[in-house]
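Here is the structure we will look at, set down as structure tokens.
Every number in this text was worked out from the coordinates using simple rules, so none of it is lab data. These numbers come from a predicted model, not from an experiment. Cβ: placed from backbone, ideal geometry, glycine included. Neighbour counts: every protein chain shown.
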Amino acid sequence: MIRADRLSELLDLLIARGYLHAGQKGDVQNRGREQARHILLDKRAEMRRLLGRHRVDYRVTETELVASFRFRRHDNPEEVVDEELITRTLADHLGLPFVHLDPLKLDYKLVTEAFGGPFAERNLVVAIDEDATNLTVALADPWDDNLLRELARFKNKAIHPVLAEKSRVLQVIVEFHGFRRSMRKAEAAFQSDLPDLANLEQLYALDGAGELEATDQPIVRAVWYLLNYAFEQRASDIHLEPKRDEGWVRMRIDGVLHTIHRLPKAVHPAMVSRIKMLGRLDIAERRRPQDGRFKTSFKQYEVELRVSTVPTAFGEKVVIRVFDPGVLIQDIENLGFFPREMNQWRNLLGGSSGMVLVVGPTGSGKTTTLYSSLHFMHSPRINIVTLEDPIEMVHEAFNQIPMQPKIGVTFGSALKNVLRQDPDVVMVGEIRDGETAENAVQAALTGHMVLSTLHTGEAAGAVARLLDLDVLPFLLAGVLNGVLAQRLVRKVCTSCAVDDVLTEEQAMALHIKGARGRRLKVKRGEGCIKCRYTGYKGRTGLFEMMPITPRIARLITEKAPQQEIKREALNDGMLTLRDYGIMKIARGETTFEEVMAVTDDLALF
């Protein structure tokens, strides 16, 4: 348990650095024993749940105890004395490097093979780098000299200790070693490259098909570890990909895919079957694509997951889409609009009839914008009906209808019936064909507000697309209220943002007028704990807002070219997606690389 001399030394160090005052030291010493007992009980219960066994070793450290009090910093009351601050301070005092353990950057094989799981849990140690003569280890307890001597003797190498937060060390141990144990058991259970279907069914019969609780079943536990890790890392998609000799697990975080794990070849089909069972798919059908969904909870929040499977050359690939309600439904003011565009969007949503379109490629945030906008429009006085294929996230405020093409329920056919349901607002997931386009226009003509999406690159392109679907120009001009084109870019992490400048070449690439010879101040992220050392955290939108003015409506009626409609919108003050990105770079919200990545293929005038 807690050693009084070490605790006193740590508290004196924090007081000397100005983080605590003497009164807070007395508070820790007076209440520390009872506080440590509560921490121990809570952490043991958590470790039992995570590791799936009754007996666990756990020792409360002095750093952990002080951090649990959540004292306000004496030198900066807006921040707290947390585990990171205490660990950094202690590392500096002892002359040890401090590291932030990022699971995405650790060598899975090194972590799991350097030390066994029980040894790592008992001594709170993680191997992070190794060569022929040296081994670098992350420790949570800097005072354990015996451990360092034991490691040097056991490994016959020079040991280089670094200090890391205990919570991060435990997270890596639980996730990496827990996943490894599951993989070993699973590989033993499925020795052949093509596991017997009867054995799969026998394995899953021992666990509830809808359960996500940790059990003794290795495949169930492996999937449970992956899902929880994805939630912790704010992943939007989980990919399980079969390869020739192994399986890959990748996750998309802030729009970028990261390789997380490599699975034994024999285990991949079993994990796919487990996920298919959770999504209520047919585990015996491996030749055709399937779609399903299921729900679970994470930190008291309900999370919806959508499952898609497709056959590939080496087996079935699974993609799990994670729908976090906190991301999918936001306050529209948090989507990234500037004040002028925010007012224009509010005005479009406030209309009583007409059509409003959101356009952009897959992954550009259209669904988030639509759901957030519907949430903004929702009230007990209006009836909101959505037609979706599939329903992205079930929300009780809306009347959501799933499309079922196999039985003839399509966007076009369902719209006819929805209009008999007395709707005020109709959201059509996507206008894909002439029938849907025609019925959406008719719904808007008969006094309904219609929101929908199209796959076009720019706002003006939505007009050309609808005309290509044989919508009559004079009808389109009469019902279309506005078009919003959008893209998503990663935001500069505010915790590690530093000043930077655009090079002249970058400014010229963005076509910034008058930039030659000037140093334009911008921001970039250096990389820190909170952003996993990427320099980015979260995403924001770039928008191209095109309200339909009388002049643009006349051009639509005349079937004017897309470039002419865009030119008129620019004369009315519309910002292009590139212009929006430049303004966000200037405000320090994103970077040159992010804006160029999503706008490089667009026309600039």
Checklist entry - Over the chain, what relative contact order in percent results from Cα pairs under 8 Å that are six or more residues apart? => result 8 percent
Checklist outcome for this item: Toy charge model, Lys and Arg Cβ at +1, Asp and Glu Cβ at -1: the chain dipole around Cα centroid in debye, rounded to 20, equals 440 debye
Next on the checklist: Multiplying the sequence separation of ASP129 and ARG88 by 0.36 nm and subtracting their Cα-Cα distance, what value in nm do you get?
Outcome noted: 12.7 nm
Checklist entry - Considering only DSSP beta bridges with both partners in the chain, what is the antiparallel share in %, to the nearest 5? => result 65 percent
Item to check | Estimated FRET transfer efficiency when R0 is 51 angstrom, pair GLU558-VAL498 (beta carbons, to 0.05) | outcome: 0.50
Item to check | Alpha-carbon centroids, segment 312-349 and segment 70-87: separation in whole Å | outcome: 34 Å
Next on the checklist: Need the full-extension length gain, TRP248 to THR446, defined as separation in residues times 0.36 nm minus the C-alpha distance. One decimal, nm.
Outcome noted: 66.1 nm
Item to check | Expected 222 nm ellipticity per residue - DSSP helices of 4 or more, -39500 (n - 2.57), all of the chain, to 500 | outcome: -12000 deg cm²/dmol
Next on the checklist: I'd like the distance separating the alpha-carbon centroids of segment 228-293 and segment 95-128, in whole Å.
Outcome noted: 25 Å
Item to check | Estimated dipole of segment 1-95 in Debye, rounded to 20 [Cβ of Lys and Arg +1, of Asp and Glu -1, Cα centre] | outcome: 620 debye
Checklist entry - Out of these labelled values of volume of the Cα convex hull per residue in Å³, (1) 212; (2) 198; (3) 221, which was calculated from the coordinates shown here? => result (2)
Checklist entry - At what distance in nm do the modelled label points of ARG519 and TYR301 sit from each other, each positioned 7 Å from its Cα along Cα→Cβ? => result 4.1 nm
Checklist outcome for this item: Computed from the beta carbon distance with a Förster radius of 30 Å, FRET efficiency for PHE69 and THR312 to the nearest 0.05 stands at 0.05
Checklist entry - Exactly which trypsin sites (Lys or Arg not before Pro) in segment 70-142 are in a DSSP loop and have at most 15 other Cβ atoms within 10 Å? => result ARG70
Item to check | Full-stretch length increase - ASP12, ALA397 - with 0.36 nm per residue and alpha-carbon distance subtracted | outcome: 133.1 nm
Next on the checklist: Given the options SER372, LEU570, ALA132, identify the residue whose Cα lies farthest towards the positive end of the charge dipole of the chain (+1 on Cβ of Lys, Arg; -1 on Cβ of Asp, Glu).
Outcome noted: ALA132
